[in-house]
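Heads up: the structure comes next, in structure tokens.
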Amino acid sequence: MTTHEYDVAIVGAGTSGCYAAATIANAGLDAVIIERKDAEEAGHIACGDALKGADKFPTAIPKSKIEPAFTNTGVDHGRFEIPSHDTVLDIPVPGELAVIDRLKYGKLLIEGAEEAGAELHYDTVVNDVKQTDDGQITGVVGKHKDDPVEYDAEVVIDGAGALSLLQDKADLEDATFDTNVRYSQFCSAYREIVEVDEAVEWDDALVFKPTERAAGYLWYFPRTSTEINAGLGFQMNEEPMQMIDDLKDDLRDREEFDNAEVTDKLGAALPTRRTYDSAVAPGYMAVGDAAAHVNPTTGGGIAGAAYAGQYAAEQAVEAIEDGDVSEDALWHYNERVMEHFGARYAGLDVYNILSTAVDVDDLMGLLAALPGKKLAEALYDGKTSMGPLLAARTAINSFGYWRQILDFYKVKQVAEQVIDHYERYPSSPDALDTWQRQRDELMETVYDVTGAEPKY
């Protein structure tokens, strides 16, 4: 068996893994990315290709390095189509938007990590962790092609994606690491890259459309005016959708896709749940999809994954330099994630829970009645407000959906309470149990208000 030794071993060459590796290497430590795909396929990841927060990226890989993958920076709003109510909502989206060529972006990320000094080991499938009797993870084992290989490391960073195998293999019983993870908290998604003959009229918008169930949507995101990322997804607590057929049927009904050519197809699972309560264990940290660093209402996760990778790596560097890679030493990584986006995602998860408990027609009626700006705030920020005049106008426009409107505002209030609680995330693992109990009490209110089945 071949054994490699590094300061930090990162599993997965996705966004979080590459930013983590670059950060480690920039700090002068040895970093390796272990990637299951070969060099040609690495970076080819199923994604909607929409990027919110395109103006804000960590510096470990310079933004100038990845900008060539930004194929459409002219998108400036969301377009929500509601055929059942003959309505199209234009939804302002806060922050800078872009649509990217995800494969090109993935390749540039890998180049950026290598240029920083990280090593890439392709064709290597990790199938287990190395762990001491007292619970510290000290490396991973796997196969490089058909040959057994192991990696010894001071810290392992898990960027292996949704439902990471490493978390099944590691004994995390005595750690704070969040193990309350189930398939029902995830979404199954499928997308195609479609080329059309003539420019679409909505090349400045991210187009959303409801599926036949509430907890899911179709999307059409223009990479360019003639190259469209078309896809759909649904919550895994729902009956499975025939995603390929459903997407094909919708494409067939849209004139702009007559004679279109499909150039790529790919599917994936992604988390649509709150960020992990804790993503650290002795010698181990999870980032990106492997720690649910994804907006649970939209499925967007590129910018969050980038920052999570950098935050984890910075904490790993500090811990290694101090000679202490315990949970306590790595804990500040959790705090930074919660402060940056984890609290907001927890609030957004409340709206995701609401979507699983309402009839799709009622949900569409509710969305059609809400002002676009306020809907955007709910979808992206988790908090929104409404003055008396706007509330009255909404009430008039929503005749027949007043009960749903009332339920929405009850949910809004609880979502804001959840965000406020996450903003008081504990500064040490010792206080996590108390914090979790208080959060779970809030979640009982969420289930009471929404009528949803418990998600956690």
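The values are calculated or read from the model by the stated rules, or taken from the named source; none is laboratory data. Just so we're clear, the structure is a prediction, and the values are computed from it rather than from any experiment. Neighbour counts run over all protein chains shown; Cβ positions are idealised from the backbone, glycine included.
Which of the residues spanning region 21-41 are surrounded by fewer than 22 Cβ atoms within 10 Å (Cβ to Cβ) and touching a residue at least 24 places away in the same chain (Cβ under 8 Å)? Can you show your working first?
Filtering region 21-41 down to residues surrounded by fewer than 22 Cβ atoms within 10 Å (Cβ to Cβ) leaves 26-30, 36-41.
Residues satisfying the conditions are ASN26, ALA27, LEU29, ASP30, ARG36, LYS37, ASP38, ALA39.
Regarding region 204-214, can at least one residue be identified that is modelled with pLDDT of 95 or more and surrounded by fewer than 18 Cβ atoms within 10 Å (Cβ to Cβ)?
yes
When the residues of region 176-196 are filtered to those that are among the acidic types (Asp, Glu) and part of a strand (DSSP E or B), which remaining residue is surrounded by the fewest Cβ atoms within 10 Å (Cβ to Cβ)? Step through it out loud before you land on a result.
Narrowing region 176-196 to residues among the acidic types (Asp, Glu): 178, 192, 195.
Okay, now just the ones that are also part of a strand (DSSP E or B), so 192, 195.
Working: GLU192: 20, GLU195: 16.
Once the filter is applied, the top-ranked residue is GLU195.
Could you list, ordered by first residue, the pairs with Cβ atoms under 8 Å in which the first is in region 49-67 and closer than 12 Å to TYR307 by Cα and outside the structural domain of ALA205 (by TED's automatic domain parsing) and the second is at pLDDT below 95 and not charged (D, E, K, R), at least 6 apart or interchain?
From region 49-67, the pairs are GLY53/GLY95; GLY53/ALA303; LYS56/GLY95; LYS56/ALA303; PHE57/ALA303.
Which of (1) within 23 Å of the chain's Cα centre (by Cα); (2) in a helix (DSSP H, G or I) does VAL99 not meet, given it meets every other one?
(2)
Where residues in region 130-175 are touching an Asp or Glu at 6+ places or on another chain (Cβ under 9 Å), surrounded by fewer than 22 Cβ atoms within 10 Å (Cβ to Cβ) and of a type in the set (Val, Ile, Thr), which of them is nearest to ALA46 (Cα to Cα)?
So, considering only residues that are touching an Asp or Glu at 6+ places or on another chain (Cβ under 9 Å), surrounded by fewer than 22 Cβ atoms within 10 Å (Cβ to Cβ) and of a type in the set (Val, Ile, Thr), the one nearest to ALA46 (Cα to Cα) is VAL141.
So ALA286 passes all but one of these: (1) in contact with an Asp or Glu (Cβ under 6 Å, 6 or more places away or on another chain); (2) surrounded by 18 or more Cβ atoms within 10 Å (Cβ to Cβ); (3) outside the structural domain of SER164 (by TED's automatic domain parsing); (4) aliphatic (A, V, I, L, M). Which condition number does it fail?
Answer for ALA286: the failing condition is (3).
What are the residues in region 1-22 that are within 20 Å of GLY323 (Cβ to Cβ) and among the small types (Gly, Ala, Ser), if any?
First, pick out the residues of region 1-22 that are within 20 Å of GLY323 (Cβ to Cβ): 5-9.
Scanning region 1-22 gives a single hit, ALA9.
Going residue by residue through region 285-299, is there one that turns out to be without any contact (Cβ under 8 Å) to a residue 40 or more places away in the chain and assigned to a helix (DSSP H, G or I)?
no
Any residue that is in contact (Cβ under 8 Å) with a residue 40 or more places away in the chain, basic (Lys, Arg) and assigned to a loop (DSSP other than H, G, I, E, B) - is there at least one of those in region 213-234?
The answer is yes, given that some residue of region 213-234 is in contact (Cβ under 8 Å) with a residue 40 or more places away in the chain, basic (Lys, Arg) and assigned to a loop (DSSP other than H, G, I, E, B).
Could you pull out the residue among VAL207, VAL155, VAL149 that is touching a helix residue (DSSP H, G or I) at 6+ places or on another chain (Cβ under 8 Å) and either in the same structural domain as ALA329 (by TED's automatic domain parsing) or under 27 Å from MET243 (Cα atoms) (or both)? Step through it out loud before you land on a result.
Working: VAL207 fails: touching a helix residue (DSSP H, G or I) at 6+ places or on another chain (Cβ under 8 Å); VAL149 fails: touching a helix residue (DSSP H, G or I) at 6+ places or on another chain (Cβ under 8 Å).
Checking each option against the conditions leaves just VAL155.
Please find, among ALA452, ALA415, the residue that is out of contact with any strand residue (DSSP E or B) (no Cβ under 9 Å at 6 or more places or on another chain), in a loop (DSSP other than H, G, I, E, B), modelled with pLDDT under 95 and of a type in the set (A, V, I, L, M).
Values: ALA415 fails: in a loop (DSSP other than H, G, I, E, B).
Only one candidate passes the filter, namely ALA452.
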